[in-house]
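First up is the structure itself, then whatever we jot down about it.
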Amino acid sequence: MSQPGMPQETVAAVQAALGAEHAALWVYGLVSAFLPAAYDKALREGVAEHRERRDATAELLAAAGITPAPAEAAYVPPEPVEDEASAAKLVATAETDATVAWRAVLERCDDKALRESALAALTQSAIRATRWRLAAGSDAAVPSFPGQP
Amino acid sequence: MRINSGVPRRTVLVGVALGAAAGCTDPGPPPPPDPLAALADRARADAALATAIASAVPSLAEGAGEVARVRGEHATALKAEVERERPPVSTTASAPPTTPPAAPKDEKAALKALTDGLTAAQKEAAGLVPALPRYRAGLVGSVTAACASLREVL
């Protein structure tokens, strides 16, 4: 997917998506202490997929001659994480943020391969967001248009 | 090159002029159907089936109700996008009335009908995303992701 001369708006959207992947990984790391063993598999899967997505996205940018944005040292959760429900809710938020970032990539690129990978990222994060919303006891588990800001 | 074609020049010119005139009045072949129209039809059909299942199979009422709500919103948004791009010629024409689909009474069969429908809808939408204009890629990408997510609530 190397593409020298990636349009500026595409670069900005991909960097934002990379930022969402960094944030999601930080969140998965934070919440694990608050979640019982029943969540281990979901946590492992989420971390593995976000790591893969983060690395592929950084490589894509580097191949286009752009320095991938690094992760922040820490992130500020919108609400404090104190228990299982608030932990699940924060993961749902991080996954939702990722859907928004990846849909934005779809709307700011024309490259077919990047579209396919952005669609896969949007879809996988939407599925996980739904699972974590269900875990958090949220009523509206499936938004009609995941990723729509 | 053949110099003498045997056709008098005047005849050729008249023929060209007639052809050009015909080109002005001939409406030509109709434009290809909007690919989003098929997605909208499928969404409407999915919503109708889910509505029927929600009332016929109580154990699936909640999940099927979610499918009906979300797919109904997909149908509305996709139809609006189709009409934005190509406004309907007649505003009075509406979709032909459809008879509500028969819902499988059996829970297992109903569940399969719902999940199969969502899987097919996800696949059809995903297949369009790479080549659509940017705005539509976002909309259809969200439809794809929603269909995949709905399977989680069934």
- [ ] Out of the residues in the stretch A:105-116 that are assigned to a helix (DSSP H, G or I) and surrounded by fewer than 20 Cβ atoms within 10 Å (Cβ to Cβ), state the one that is nearest to the chain's Cα centre (by Cα).
- [x] A:Glu116
TODO: Out of A:Leu114, A:Leu106, report the one residue that is in contact (Cβ under 8 Å) with a residue 60 or more places away in the chain, under 30 Å from B:Ala43 (Cα atoms) and within 14 Å of chain B (Cβ to nearest Cβ).
DONE: A:Leu114
- [ ] Could you please let me know if B:Ala68 is free of Cβ contacts under 8 Å to residues at least 40 places away in the same chain, surrounded by fewer than 19 Cβ atoms within 10 Å (Cβ to Cβ), hydrophobic (A, V, I, L, M, F, W, C) and under 27 Å from B:Lys105 (Cα atoms)?
- [x] no
Open item on the list: What pairs come out if I take residues in the stretch A:125-140 that are within 15 Å of A:Ala20 (Cβ to Cβ) and of a type in the set (S, T, N, Q) and pair them with residues that are modelled with pLDDT of 95 or more and surrounded by fewer than 24 Cβ atoms within 10 Å (Cβ to Cβ) whose C-beta lies under 8 Å away, six or more apart or interchain?
Closed with: A:Ser125/A:Thr96
TODO: Looking only at the stretch B:105-126, count how many residues are facing chain A (nearest Cβ under 10 Å), surrounded by fewer than 22 Cβ atoms within 10 Å (Cβ to Cβ) and under 13 Å from B:Pro35 (Cβ atoms).
DONE: 1
Open item on the list: Looking for something of a type in the set (A, V, I, L, M, F, W, C), surrounded by 15 or more Cβ atoms within 10 Å (Cβ to Cβ) and closer than 21 Å to B:Arg71 by Cα - is there at least one such residue anywhere in the stretch A:87-104?
Closed with: yes
Open item on the list: For the stretch A:23-56, give me each residue that is part of a loop (DSSP other than H, G, I, E, B) and over 11 Å from A:Val91 (Cβ atoms).
Closed with: A:Pro36
Task: Residues satisfying the stated conditions in the stretch A:134-149, i.e. more than 9 Å from chain B (Cβ to nearest Cβ) and within 16 Å of the chain's Cα centre (by Cα) - done: A:Pro149
TODO: Consider only pairs whose beta carbons are under 6 Å apart and that are at least six residues apart or on different chains; among these, list those whose first residue lies in the stretch B:129-145 and is within 7 Å of chain A (Cβ to nearest Cβ) and more than 18 Å from A:Ala13 (Cα to Cα) and whose second residue is of a type in the set (Phe, Trp, Tyr) and surrounded by fewer than 24 Cβ atoms within 10 Å (Cβ to Cβ).
DONE: none
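The values are calculated or read from the model by the stated rules, or taken from the named source; none is laboratory data. Remember, it's a predicted structure, so these values are computed and weren't measured experimentally. Quick reminder, even Gly has a Cβ in these numbers, built from the backbone with ideal geometry, and neighbours come from all protein chains shown.
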